[in-house]
Amino acid sequence: MSVTLTFWQLITLLLAFFAAVFAGARLLLSQIDRRLDDRFLSLQEAAKAGDAIIHETLRQHINEESKNSGQLIELERQLLRWEARLPIDYVRREDFIRNQTTIEAKLDGLALKLDNSQTKGVEHA
Amino acid sequence: MLDQKARREFLRWIILLTLNNARPAGCYEELVLMTAQGYYQDATAHELRRELDYLYDRKLVELRKEPSGRWFCDLTRYGVDVVEYTVDCDPGIARPVNYCHG
């Protein structure tokens with residue numbers, strides 16, 4: 001079987017062929033383009049969601065930090081109050097030992113002196 | 001001479017009293033010296049160490065001579081008995097008669 005084409009027919013056929021190829025390519029490219037757009041959009045949304053989570057976490061941290069620093073200041077104040085109260089309520093162990101012993105020793109000295117003077121008195125009498 | 005003897009013996013008694021008040025932890029010799037100076041203003045560290053050593057030899061106190069040079073003192077069980085008038089006290093320590101309980 002043989003097909004005979006005139007020149008114009010050949011031109012038309014070729015044009016139709018190239019037009020079909022062009023249309024196919026364009027369809028394909030537009031589809032790729034759309035899918036890429038979809039993909040970028042989804043990536044952007046994921047990034048936005050991630051940002052939101054990070055912001056939320058940061059906000060929580062800042063809140064906690066401010067709460068903690070408040071507690072710390074309160075603790076420091078309590079400690080300072082306690083320190084101021086300490087010398088009013090307590091005496092140092094060393095001071096107590098020294099005072100107590102000095103008083104006891106002086107009492108003992110007095111007892112010895114009394115004893116001696118009594119003995120001397122008896123001797124004189 | 002007699003005064004010196006009385007002073008030494010009373011100093012030993014002051015040391016025992018101080019360590020009795022410092023129980024149960026014990027204390028450093030500085031505190032004992034400061035206390036002794038509350039009675040004898042001119043008491044010296046050397047004098048105090050001599051008496052501490054005497055009491056250590058009589059097994060009345062425990063001494064821990066630290067490498068830094070300080071002495072840490074604590075009363076022994078026998079020392080506590082002497083201070084509390086539980087046992088008789090041999091001469092050498094001016095322990096007064098127990099005027100609290102006759």
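A few comments on the model shown:
- Residue B:43 being over 10 Å from the mean Cα position of the chain (by Cα), surrounded by 17 or more Cβ atoms within 10 Å (Cβ to Cβ) and not in a helix (DSSP H, G or I): yes
- Residues of segment B:61-100 satisfying the condition of being basic (Lys, Arg) and closer than 23 Å to residue B:33 by Cβ: B:64, B:65, B:70, B:95
- Of the criteria (1) in contact with a Cys (Cβ under 9 Å, 6 or more places away or on another chain); (2) within 13 Å of another protein chain (Cβ to nearest Cβ); (3) farther than 17 Å from residue A:102 by Cα, which one residue B:28 fails: (3)
- Residues of segment A:1-26 that are assigned to a helix (DSSP H, G or I) and loosely packed, with under 10 Cβ neighbours inside 10 Å: A:7, A:8.
- Within segment B:29-40, the residues that satisfy the criterion of being more than 11 Å from residue A:94 (Cβ to Cβ) and either assigned to a helix (DSSP H, G or I) or of a type in the set (S, T, N, Q) (or both) are B:29, B:33, B:36, B:37, B:38, B:39.
- Criterion (surrounded by 10 or more Cβ atoms within 10 Å (Cβ to Cβ) and at pLDDT 90 or above) met by exactly one of A:84, A:111, A:105, A:46: A:46
- Count of residues meeting criterion [over 15 Å from residue B:91 (Cβ atoms) and surrounded by 17 or more Cβ atoms within 10 Å (Cβ to Cβ)] in segment B:12-31: 11
The values are calculated or read from the model by the stated rules, or taken from the named source; none is laboratory data. Note that the structure is predicted; figures quoted are calculated from it, not measured. When we count neighbours, we look across all protein chains shown, and the Cβ atoms used for this are built from the backbone with ideal geometry, even at glycine.
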